[in-house]
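The values are calculated or read from the model by the stated rules, or taken from the named source; none is laboratory data. This one's a predicted model, so the numbers in the text were calculated from it and none came from an experiment. No Cβ is skipped: glycine too gets one built from the backbone with ideal geometry, and neighbour counts run over all protein chains shown. Protein only, heavy atoms only, side chains kept; ligands, DNA and RNA dropped before computing areas. Shrake-Rupley method; radii C 1.70, N 1.55, O 1.52, S 1.80 Å.
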Number of protein chains: 4
Amino acid sequence: MTGNAPKLAIEAALDYDFAEPTDVLLQLEAAFIPEQTVEAAHIDLSPVEHFARVLGQDTIGERIWLRLQGRLTVRYTATVAVHRICGELAALPAVPPHLLPGEAVQYMLPSRYCPSDQFANLVDAEFGALAGGARVMAMRDWVQSQFTYRSGTSTATTTALDSFVQREGVCRDFAHVLITLARASAIPARFASVYALGVEPQDFHAVPEVFLDGAWYLVDPTGMAKAEEMAKIGVGRDAADVSFLTSYGWAQMNSQSVRVSAA
Amino acid sequence: MTGNAPKLAIEAALDYDFAEPTDVLLQLEAAFIPEQTVEAAHIDLSPVEHFARVLGQDTIGERIWLRLQGRLTVRYTATVAVHRICGELAALPAVPPHLLPGEAVQYMLPSRYCPSDQFANLVDAEFGALAGGARVMAMRDWVQSQFTYRSGTSTATTTALDSFVQREGVCRDFAHVLITLARASAIPARFASVYALGVEPQDFHAVPEVFLDGAWYLVDPTGMAKAEEMAKIGVGRDAADVSFLTSYGWAQMNSQSVRVSAA
Amino acid sequence: MTGNAPKLAIEAALDYDFAEPTDVLLQLEAAFIPEQTVEAAHIDLSPVEHFARVLGQDTIGERIWLRLQGRLTVRYTATVAVHRICGELAALPAVPPHLLPGEAVQYMLPSRYCPSDQFANLVDAEFGALAGGARVMAMRDWVQSQFTYRSGTSTATTTALDSFVQREGVCRDFAHVLITLARASAIPARFASVYALGVEPQDFHAVPEVFLDGAWYLVDPTGMAKAEEMAKIGVGRDAADVSFLTSYGWAQMNSQSVRVSAA
Amino acid sequence: MTGNAPKLAIEAALDYDFAEPTDVLLQLEAAFIPEQTVEAAHIDLSPVEHFARVLGQDTIGERIWLRLQGRLTVRYTATVAVHRICGELAALPAVPPHLLPGEAVQYMLPSRYCPSDQFANLVDAEFGALAGGARVMAMRDWVQSQFTYRSGTSTATTTALDSFVQREGVCRDFAHVLITLARASAIPARFASVYALGVEPQDFHAVPEVFLDGAWYLVDPTGMAKAEEMAKIGVGRDAADVSFLTSYGWAQMNSQSVRVSAA
């Protein structure tokens, strides 16, 4: 099953300090899901007061609840074989809304960073001649050609409405714009946090995932990574849902690093 | 079990026109959930091309997918006995984040209309002396006393950030503000669409639901309705998730009405 | 001088009620400026406690401060001969920023409804091949062809950022988008309140005015009115500056009407 | 006249690079206005292609238009004697709107970063018992006590609406909030760019100025500086109007510094 499948060697390291006793939510392990086989995964944490796993959104991956004070170091390594079916999106039909399964409905709706309710006229005007996968690919190509990848131009409050006119940002912002355009087109779209080959500089990566012809497909509008070379960590409505570290209290980041290479 | 339980007699009627073949999502039936017993529910629709039920969010209630062209009339009647445990919220402790179940995590996160990520300092400053149910009640009292219920002042793009300073709106806006304050306090909060006694003028009603001491509790910051006299239709992150009618195409509303009385 | 000049016959009527003693700012008279000759203007107001004229922004037109309680009726009639130089904008050069006069600088800057600071990359990408009047005309044509004139879709908080993606609105919104695109292109642009022939339905009209080749030019992205058939009331940075009636307290509108015809 | 007046010794230095020929707007010299005497001012610039002075907003101070390519160094030194009348604001009455001079009207209106139109109900509820200078001082005290001065938390798109709930920011954000509250109270308020004693860390400073009893008064909600120890550079509706350096093209900042000491 993992014969010719691309294999990713993943290393991620976090080093944080928490002055007070703090609740922390981690989400950085490759998910155990049919489309990828996680081999030899290890996670090492410095001592914490509390450690508990809960299921991630859509039961994809897990989140880890911690409670601790002081320094937190996390070291995660894994080898993941990817056997995701990718194929030619442009040929795939959209599922008409009235035939969508219940669990896809939430990904039609606007979210914190994806106010798709405001974009209905725009997608009709700009992409109205296309449907389904062909429309998704046209929107992806448009984002990739019109937007400049640039760090430091977006913040934790930047929405797809801002990014749409600013025409720049990082993977998170590219993803929000494409997700917003897809939802405004009545195509369910969610936000996937992934490890991927080819991301420069190396970091956690974010990629939209669209629902076409009854299945979910990763589509990277930054053009940096291929769907068959990504290991999924988790999914959500947008970046708000899949932060790799969320702290309920003051946190100081000392360092963090991600390395993904072909295994 | 429903001996002394309050009973609600519900009637809702919609009358819409769709010029083109259109996909429509309905969510207006009282949910079949342990906390309420739905007796004698009927839903009558004018002829449609397609009708399918899917589960609502958190498996609470159902959504109905329709496809049709022309006129749509919906008439829904039900009697619902409510045996929700309500009690005194002020005495309930919050669940510390690190002990939250996985399915509650999404209700800690910001959403389309509830940018709770911006309110952390504010809730610390204004409500920092209180925790858990006592904090929720203080926030509820504050919203109820500071906000004026007024139709026509908010729109489909009004967020809790806008409402927080505008100090006016309808049930949707009151709910968004309280949900935002709760999430910023690390208390999971979701948006419930309900039928309720006491809503004036009669209409679909929206009420925040907070997660305290391991269970969900309805808290109405408009002060119009009591938790034990509400029949839940569905829940979601905010108003975006539980619209009673969503049309994927142009719709004309001819009339709609809601009547809730003690049965 | 007014020989062949188009002449506008203007009638405007307001009818409002103020329950409390209230300060009111009116701005609805055609301005006495070189480009238009105001003939036979009359303004009749019901009794007020206080009436004072102050200069409008850029010393164009006047604002009227009132103080009153109870009913206010205003009836304004005027005949205005317009001898504005219009010509072919497409051939006009922009004034390079470093040669702009001091009074034009404020119209390069973002304002309440025109966050032009967010649109710099977009105008480069979409209109970068053009400069000056040719760029303004291309932006005007784009707005006119891409936006739908539709009442009731925008509100008092709708900005050009919202309108840009919503692709619909009224004259105010069309103006805000074009002003924003011009400023982002380093072309000063302001918002003019006018009476104009051809506005359907008849109402106060709003039109962007751009600074090219050392002078201001009206450009209507709704396509409803011609610059030589407009009588200017006042100018400002955006709609916030030239409301025809601003009330410092609760006001009830009973009726208002505008009629503009060829005299 | 400048006998016992506080004297400020000011030094400001900018060092920027412009890869392309670029238009640049500077505004960093202390204004020649009756309330302060500028003694011995010098400005030294590296060679530029074009240099022109234009009047600042409200004819306070000057802006300098430059055109240049390559490196720009600016060194400004001045001694300024301040003989501003400060007095006890709390005792000053507001000017009723209907008695406001024409030039104050624009400072009643919302602007890019000060959406005062959204705060009317809030100021009524929170500060409705006070008027004029007493209200301004209560609002100033509230901002000072509720907000934390913290760099890096706000960006070029942060408005007073954001800051109001985030409860943190830098002088620009403190100023925007107080200006917004004042305008929502029908008290004209503008944004002054100043050099001031006591600013820590030393930098350009921003302070609201309110119109009370017929004159403008500086009020610093950060509490860092006194009105009698500030030298005004320029004024505007908000930060958008008084940037010390605006570049119409890509700019790279190498360094900048401000030093203000008692002379």
Exercise for the section: With runs of 4+ DSSP H residues as the only contributors, calculate the mean residue ellipticity of chain D at 222 nm using -39,500 (n - 2.57) per run, divided by the residue total and rounded to the nearest 500. Expected result: -5000 deg cm²/dmol
Completion exercise
Taking a straight Cα-to-Cα line shorter than 22 Å from residue D:232, and setting aside same-chain lysines fewer than 8 residues away, one finds D:7
Handout entry: Solvent-accessible surface (1.4 angstrom probe) belonging to residue B:141, in square angstrom, nearest 10
Key = 70
Completion exercise
So, over other residues within a Cβ distance under 14 Å of residue D:96, counting Lys, Arg +1 and Asp, Glu -1, the net charge is -2
Completion exercise
Accessible-area loss of at least 40 Å² in the complex relative to the chain alone (1.4 Å probe) applies, within segment B:160-184, to B:161, B:165, B:166, B:167
Exercise for the section: Kindly write out, for segment C:106-118 in residue order, the coupling ³J(HN,Hα) from the Karplus curve 6.51 cos²θ - 1.76 cosθ + 1.60 (θ = phi - 60°), rounded to whole Hz, with x marking Gly and Pro. Expected result: 4, 8, 8, 9, x, 9, 2, 9, 10, x, 5, 4, 8
Exercise for the section: Calculate how large, on average over all directions, the projected area of the Cα convex hull of segment D:151-207 is; give the answer in nm² to one decimal. Expected result: 4.2
Exercise for the section: Output the Kirkwood hydrodynamic radius of segment C:1-127, Cα pairs only, in Å rounded to one decimal. Expected result: 18.4
Fill in the blank from the handout: Sorted by chain and number, the residues with a modelled amide H under 5 Å from that of residue C:36, at a separation of 5 or more or across chains, are C:83
Fill in the blank from the handout: Log entry: pair-distance distribution for segment D:36-109, C-alpha pairs binned every 10 Å from zero, whole % per bin is 13, 28, 28, 20, 10, 1
Completion exercise
Under the 7 Å Cα-to-Cβ spin-label approximation, residue D:41 and residue D:86 lie apart by a distance in nanometres of 2.2
Handout entry: Size of electric dipole in chain C: Cβ of Lys, Arg +1 and of Asp, Glu -1, about Cα centre, debye, nearest 20
Key = 40
Handout entry: Total charge dipole magnitude, the protein assembly as shown, about the Cα centre, Cβ charges on Lys, Arg, Asp, Glu only, Debye to nearest 20
Key = 0
Exercise for the section: Kindly report the accessible area of segment A:93-246 per residue (heavy atoms of protein chains, probe 1.4 Å, no ligands, DNA or RNA), in Å². Expected result: 28
Fill in the blank from the handout: Residue-ordered couplings for segment D:129-138, obtained by feeding phi - 60° into the Karplus form 6.51 cos²θ - 1.76 cosθ + 1.60 and rounding to whole Hz (Gly and Pro as x), are 7, 10, 9, x, x, 5, 5, 4, 5, 5
Exercise for the section: Let me know the charge dipole size of segment B:18-112 about its Cα centre in debye, to the nearest 20, where only the beta-carbon of Lys, Arg (+1) and Asp, Glu (-1) is charged. Expected result: 160
Practice task
Hey, can you grab everything whose amide H is under 5 Å from the amide H of residue B:92? Only 5+ residues off in sequence or another chain; H modelled, so Pro and N-termini drop out.
Solution key: B:133, B:134
Handout entry: Residue of chain B whose Cβ sits closest to the axis mapping B onto D, with distance in whole Å
Key = B:161, 3
Exercise for the section: State, to one decimal in nm, how far the label point of residue D:131 lies from the label point of residue B:59, with both points 7 Å from Cα in the Cβ direction. Expected result: 6.3
Handout entry: Cα convex hull of segment C:169-263 - mean projected area over all directions, nm²
Key = 7.3
Exercise for the section: Determine the distance separating the Cα centre of segment A:192-263 from the Cα centre of segment B:162-222; give it in Å without decimals. Expected result: 33
Handout entry: Exam field: residue A:256 pseudo-label spacings to other copies (7 Å along Cα-Cβ), nanometres
Key = 3.0, 4.1, 5.1
Practice task
Could you work out the local net charge near residue D:182, counting Lys and Arg as +1, Asp and Glu as -1, over the other residues with Cβ closer than 11 Å to its Cβ?
Solution key: +3
Practice task
Describe numerically, in nm with one decimal, the distance between label points set 7 Å from Cα along Cα→Cβ at residue A:124 and at residue B:50.
Solution key: 2.0
Exercise for the section: Work out, in µm²/s and without decimals, the Stokes-Einstein translational diffusion coefficient of segment C:75-159 at 37 °C, 0.692 mPa s, Rh from Kirkwood over C-alpha pairs. Expected result: 202
Practice task
Quick one: accessible surface of residue B:86, probe radius 1.4 Å, all protein chains present, in square angstrom to the nearest 10.
Solution key: 30
Completion exercise
Under a 1.4 Å probe, counting only protein heavy atoms, residue C:211 has an accessible area in Å², nearest 10, of 20
Practice task
Kindly provide log₁₀ I(q)/I(0) values, in the same order as q = 0.21, 0.24, 0.26 Å⁻¹, from the Debye equation applied to equal alpha-carbon scatterers of segment B:112-188.
Solution key: -0.87, -1.10, -1.25
Exercise for the section: Quick one: with label points 7 Å out along Cα→Cβ, list the inter-copy distances for residue C:138 in nm, shortest first? Expected result: 2.2, 5.5, 5.8
Practice task
On the protein heavy atoms, probe 1.4 angstrom, tell me the percent of accessible surface of segment D:1-128 carried by carbon and sulfur.
Solution key: 53
Completion exercise
To the nearest 0.05, the calculated FRET efficiency linking residue A:257 and residue B:138 through their beta-carbon distance, R0 being 41 Å, is 0.45
Problem - Value of Rg to Rh for chain D (Rh from inverse mean 1/r over Cα pairs, i.e. Kirkwood) - result: 0.97
Practice task
Above 45 angstrom, tally the Cα pairs of the protein assembly as shown and express them as a % of all pairs, no decimals.
Solution key: 37
Completion exercise
If each part is reduced to its alpha-carbon centroid, segment D:7-28 and segment C:137-156 end up apart, in Å, by 39
Practice task
Note down, for segment B:214-263, the three equivalent ellipsoid semi-axes (square root of 5 times each alpha carbon gyration tensor eigenvalue), biggest first, whole angstrom.
Solution key: 26, 17, 9
Practice task
Please list B:228, B:29 in order of solvent-accessible area, largest first, computed with a 1.4 Å probe with all protein chains present.
Solution key: B:228, B:29
Fill in the blank from the handout: Whole-number value, in Å³ per residue, for the convex hull of the alpha carbons of segment C:1-50 is 102
Handout entry: In Hz, Karplus ³J(HN,Hα) per residue of segment D:67-76 (6.51, -1.76, 1.60; θ = phi - 60°; x = Gly, Pro)
Key = 10, 6, 9, x, 8, 10, 10, 10, 10, 10
Exercise for the section: Scan around residue D:263 for amide H atoms under 5 Å from its own, H built in the peptide plane at 1.01 Å from N, and keep only partners 5 or more places away or cross-chain. Expected result: D:7, D:8, D:9
Handout entry: Loop-located trypsin sites (Lys or Arg not before Pro) in segment D:91-169, at most 16 other Cβ atoms within 10 Å (DSSP)
Key = D:150
Handout entry: Length added when fully stretched, residue C:32-residue C:69, from 0.36 nm per residue minus Cα-Cα
Key = 10.3 nm
